[in-house]
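Inspection log for the structure reproduced underneath, given as structure tokens.
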Amino acid sequence: MSQTASTKVASQKKAKPGGKTGKMENPEFHSFFTDELKDIYWAEKHLVQALSKMKKASTSPELAKAFEKHSEETKMHIDTLEQVFELLGEKAVAKKCEAMEGLMAEAESIIEDTASGSMIRDAGLILAAQKVEHYEIATYGTLKTFAENMGHTEVANMLEQTLENEKATDVALTVIAESFINDEASQE
């Protein structure tokens, strides 16, 4: 390889535009990335409804309040995803998320299988909610990394903010569970 060619290759490897938006050079990876964005977009939109049911099913006011807060944050995540689609020059379209559908069905089953007004139900609802959080953490973490690899810095930063919010929600649910719900549930 000539020195000019090797210099050109080296500069191409270093040059990652900071605010790059739109379709990337690898259309297959870009398509995969946007497909996964559509998947989490569906998940977030349907999660708002599920959180409302979980709030109503909660026994403790603290848990109901946490679900209300998470619902409001989820609406912000939906707005963020719509901004991400816009930055990428894509239409915000939801694609059914089989994983989230399954997690929401599990939460519904917990509500059906536990006694209303019990701490066992609240412990189960926290379990279901944390499964959702862990799915979202995995998804947003990966999508953020994909965006970084494609040079979509602004998109990566937006996804990072959502990721951090999902992590904080997971911690908040743990605090509620460990502060009194798990103990009371074990005594019922």
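The values are calculated or read from the model by the stated rules, or taken from the named source; none is laboratory data. All values reported here derive from a predicted model rather than from experimental measurement. Reconstructed Cβ throughout: ideal geometry from the backbone, glycine too, with neighbour counts over all protein chains shown. Areas reflect the complete protein model, heavy atoms only, side chains present, ligands, DNA and RNA absent. Shrake-Rupley method; radii C 1.70, N 1.55, O 1.52, S 1.80 Å.
Which one of the conditions (1) in contact (Cβ under 8 Å) with a residue 24 or more places away in the chain; (2) farther than 28 Å from His30 by Cβ; (3) open to solvent by 50 Å² or more (accessible area, probe 1.4 Å) does Gln130 fail to meet, given that it meets all the rest?
Among (1) in contact (Cβ under 8 Å) with a residue 24 or more places away in the chain; (2) farther than 28 Å from His30 by Cβ; (3) open to solvent by 50 Å² or more (accessible area, probe 1.4 Å), Gln130 violates only (3).
In the stretch 95-127, what residues are open to solvent by less than 70 Å² (accessible area, probe 1.4 Å) and out of contact with any helix residue (DSSP H, G or I) (no Cβ under 8 Å at 6 or more places or on another chain)?
Within the stretch 95-127, Gly102, Ala105, Ser109, Gly117 qualify.
Of a type in the set (Phe, Trp, Tyr) and touching a Ser or Thr at 6+ places or on another chain (Cβ under 7 Å): which single residue out of Phe67, Phe85 fits that description?
Answer to the selection: Phe67.
Give the stretch 55-70 a look and list any residue that's part of a helix (DSSP H, G or I) and either more than 23 Å from Asn157 (Cα to Cα) or open to solvent by 10 Å² or more (accessible area, probe 1.4 Å) (or both), or say none.
Correct list: Lys55, Lys56, Ala57, Pro61, Glu62, Leu63, Ala64, Lys65, Ala66, Phe67, Glu68, Lys69.
What tally of residues in the stretch 100-121 results from selecting those that are polar (S, T, N, Q) and within 19 Å of Asp39 (Cα to Cα)?
Here the count works out to 0.
Every residue, every condition in (1) free of Cβ contacts under 8 Å to residues at least 12 places away in the same chain; (2) surrounded by 18 or more Cβ atoms within 10 Å (Cβ to Cβ); (3) more than 30 Å from Thr114 (Cα to Cα), yes or no:
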residue	(1), (2), (3)
Glu148	yes, no, yes
Gly151	no, no, yes
Met158	no, yes, yes
Thr162	no, yes, yes
Thr169	no, yes, no
Ala172	no, no, no
Glu178	yes, no, no
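Find the residue count for the stretch 34-49, including only residues that are among the hydrophobic types (A, V, I, L, M, F, W, C) and out of contact with any Ser or Thr (no Cβ under 9 Å at 6 or more places or on another chain).
Of the residues in that region, 2 qualify.
Output the residue which, of all residues in the stretch 1-54 that are open to solvent by less than 50 Å² (accessible area, probe 1.4 Å) and not in a helix (DSSP H, G or I), is modelled with the lowest pLDDT.
Among residues in the stretch 1-54 that are open to solvent by less than 50 Å² (accessible area, probe 1.4 Å) and not in a helix (DSSP H, G or I), the one modelled with the lowest pLDDT is Gly18.
Got a number for residues in the stretch 103-147 being over 17 Å from the mean Cα position of the chain (by Cα) and of a type outside the set (A, V, I, L, M, F, W, C)?
Going through the stretch 103-147 one residue at a time, the tally reaches 12.
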